[in-house]
Amino acid sequence: MTRNVPIERTSAGQWRLVALLLVAGVTVDIQWGSLPPLVGVIAASTGLSGSEIGWVLNSMMVGSAVSVGLTTRLGDIYGHRKVLIALTALALVGSAVAATGTSFWPLVIGRFLMGLAVAVPLGWGLLRPRATARRIRLVSLALSLMLAIFTPLALVISGFIVDLGLPWQSVFWVSFALFAILLVLAVVSSETPVSARAHGRPSWFGSLGLGLWVAALLVGISEGPASGWTSPLVVGAFCVSGATLVVWVLQQRRSDEPLMSFRGMDRRQALVGYSGIFLISVVGTSIFIALPALLQTSEEAGYGHGLSTLDSTFVLLAIIPGSALGYLWTRWGVVRLGPRAVLLISGTASVVVFLGFGFANDAPWMPWVWVFGYALATLSCLTVGYTLVAAAGRQDNMAVTTGIQSIVQYTSGTIPTAVLLNVLVPGPDGFIPEAVFTGTFVAAATVVAVFVVAWAFLAPKRISDLHAVDAAPDPETAYAVTH
């Protein structure tokens, strides 16, 4: 519902909220991307097992899964600023605990506390009631660009920290500094207007149930490679996740105040937006896991490049210029051509890109070209997804709406990651078979092609923003939201 909330006219107030959202996105990228390249260093310096390091990596994801449903709903009801301040303070404590700890539990607890700070959805909740439809669209594009740029930078930052002789825990101090900036921006920002907040009570069962079934699913997927997919822990986690999901869905369908309500929203637009985010989470694992492994394979195998761990991450820097050009293409395309055309053009080009990864990687310059193409074309689908979701959310459920996309990313990215870690296994000659790499990229191209076909029928031709402050009031939409 479009509420009678005045547009914040001061440029300082507007830009503080935009800066808060962009810093939140950068913080997420640094958190997620800076630690995986340090797995070997962590194992050597702490003596932790592979399973324990896996829990250090995934504990932040579990924290986010537990937090996102509850805290975003609390923000929509009671105010996003106060919830964001509390969560950021916990994240600062978590960053300090992880930065000063070298044993298993301090690292797990620290990462878990960092994961609780789901700042991007809460930032959207602050901005939505004050922003025009055009500003929502432009900020969506800018946020996607920032996320794309800092994903490869996070990987390279880790390598430089080690090369400079700094302790690997320094990556947590980088997160600490970003959380401190985020806290300052939250403190100086204005709270969500009361008129733009959700009415009603928190959906405690819906929030906690969402966190439980997602967290149990992540535990099962994360522990499967180490404990075995038929181990009691893994099977039990999947059973708990499945049973909770069924009960959760039934309860939400019958609830008068469900956690996620699509009333008064453009449902098709929101679901297509989630699909773009889902797609990248599935196929992007091949870029950040399979491609570096291929580049690190010795030239003696006949198809590898023999690069070091750090050097193999440099090729991902091609994402930066590709994303910059992709930003311009998507910004122009969604206005002039519409989201459906952009998704179809970028998706079709992405199929070519992944086939290029699979069959044209021999020359040293070729991976750079395909990574550039991935950023230009495939990440454009992600950007359109973010834009569609942001434009679909109501003022009184914006944090939950954008928080659900975090759940989509957490759950959809873990399964292909687990599969890749199980198939990227050296053969008798000590090398991962070339067919495994080729099959991975062909599978990614196939997944993209399926989505392109679906988008041809389902994606909207134009972006619809029914709830921006400058949107024309729609009595039927208002009735649907309030009833």
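Laboratory data are not the source of any read-out in this text; all were calculated from the coordinates shown. Computed from a prediction, not measured in an experiment: that's the story for all the values here. Note that each Cβ is placed from the backbone with ideal geometry, even for glycine, and that neighbours are counted across all protein chains shown.
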When the Karplus curve 6.51 cos²θ - 1.76 cosθ + 1.60 is applied with θ = phi - 60°, which whole-Hz ³J(HN,Hα) does each residue of segment 128-141 get, with x for Gly and Pro?
3, x, 10, 10, 6, 4, 5, 5, 4, 5, 5, 5, 4, 5
Computed over segment 204-256, the Cα gyration tensor eigenvalues, each multiplied by 5 and square-rooted, give semi-axes in Å (largest first) of 25, 9, 6
Can you work out the FRET efficiency for the pair V187 and V423, with r the C-beta to C-beta distance and R0 = 41 Å, to the nearest 0.05?
0.30
I'm checking a number: the convex hull volume of the Cα atoms of segment 263-483, normalised per residue, in Å³. What is it?
120 Å³
Of T88, T348, how do they rank once you tally other Cβ atoms within 10 Å and put the fewest first?
T348, T88
Once you order the gyration tensor axes a ≥ b ≥ c over the Cα atoms, which shape class does segment 75-167 get: rounded for a/c under 1.5, otherwise prolate or oblate by comparing a/b with b/c?
oblate
What translational diffusion coefficient, to the nearest whole µm²/s, does segment 97-246 have by Stokes-Einstein, given a Kirkwood radius computed over alpha-carbon pairs, a temperature of 37 °C and 0.692 mPa s viscosity?
171 µm²/s
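Which ordering of C381, C239 is given by a fewest-first count of other beta-carbon atoms within 10 Å? Mind dumping the intermediate values first?
Numbers: C381 28, C239 12.
Fewest-to-most ranking of C381, C239: C239, C381.
Sorting L328, L74 on the 10 Å Cβ count, fewest up front, what's the list? If you can, show how the numbers build up before the last one.
Values: L328 12, L74 21.
In increasing order of surrounding Cβ atoms, one gets L328, L74.
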Ignoring the sites themselves, what is the longest stretch of the chain with no trypsin sites (Lys or Arg not before Pro) in a DSSP loop and at most 16 other beta-carbon atoms within 10 Å?
10-262
When the Cα centres of segment 426-456 and segment 91-120 are compared, how far apart do they sit, in Å?
35 Å
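What's the longest bit of the chain with no exposed chymotrypsin sites (Phe, Trp or Tyr not before Pro), using DSSP loop states and at most 14 other Cβ atoms within 10 Å as the test?
The reported range is 1-228.
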Quick note, segment 359-457: a/c under 1.5 would make it rounded; otherwise a/b > b/c is prolate and the rest oblate (a ≥ b ≥ c, C-alpha gyration tensor); here it is prolate
Can you tell me how segment 190-307 classifies by the Cα gyration tensor, rounded, prolate or oblate, using a/c under 1.5 as the rounded cut?
oblate
Residue-averaged [θ]222 nm for the chain, counting only DSSP H segments that reach four residues, each worth -39500 (n - 2.57):
-24500 deg cm²/dmol
